[in-house]
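The structure appears right after this line, and notes come after that.
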């Protein structure tokens, strides 16, 4: 749903977060301004796509290209009590927006209860989206 809002109601949306969500509208998505994205997705949840689902990489590529961010992400590894998480941060997009992805190894289609360097899923998303307004990164 967050992708649909970004694609069809971007005049009302400053940034989006997606947890275990799928973007179905790659070909018809034309937001009116750069849209920052934070995405959390498990690798056992159609990560590589299938059926009507786009792969996570194709969704990230869409937003990285649309937002004109750096193509090479900053990559960090997080270990949460044996759960491996890899974060990718694509910075320096138009209006200073970024695209962030948290890849949860062996994660499923759930709301993640992991510890992301001291933050839960809700706090991680809020900290990301609250730094933007409709014009991009808040100074």
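Read-outs: derived from the displayed coordinates by stated rules, not from any lab. Since the model is a prediction, treat every value here as computed from it, not as a measurement. Please note: Cβ atoms are built from the backbone with ideal geometry, for glycine as well, and neighbour counts cover all protein chains shown.
Within the chain, antiparallel bridges make up roughly 60 percent of the DSSP beta bridges whose residues both belong there.
Across the range 2-137, the relative contact order, built from alpha-carbon pairs under 8 Å that are at least six residues apart, equals 28 percent. Candidate values (i) 14.1, 42; (ii) 14.7, 47; (iii) 17.5, 55 were compared with Rg and Dmax of the Cα atoms in Å computed on the shown model; the agreeing label is (i).
The ranking of 124, 137, 37 by Cβ neighbour count inside 10 Å, starting from the fewest, reads 137, 124, 37. Contact order, relative form, for the range 4-51: 42 percent (alpha carbon pairs under 8 Å, 6 or more residues apart, mean separation divided by residue count). Between the range 42-61 and the range 87-130, the alpha-carbon centres lie 16 Å apart. Between residue 95 and residue 111, the simple spin-label model (points 7 angstrom out along Cα→Cβ) gives 2.8 nm. Note on residue 52 and residue 9: the extension gain reaches 13.2 nm, defined as 0.36 nm multiplied by sequence separation minus the Cα-Cα distance. Entry note, the chain: the mean residue ellipticity at 222 nm calculated from DSSP H runs of n ≥ 4, each adding -39500 (n - 2.57), is -6000 deg cm²/dmol after division by the residues and rounding to the nearest 500.
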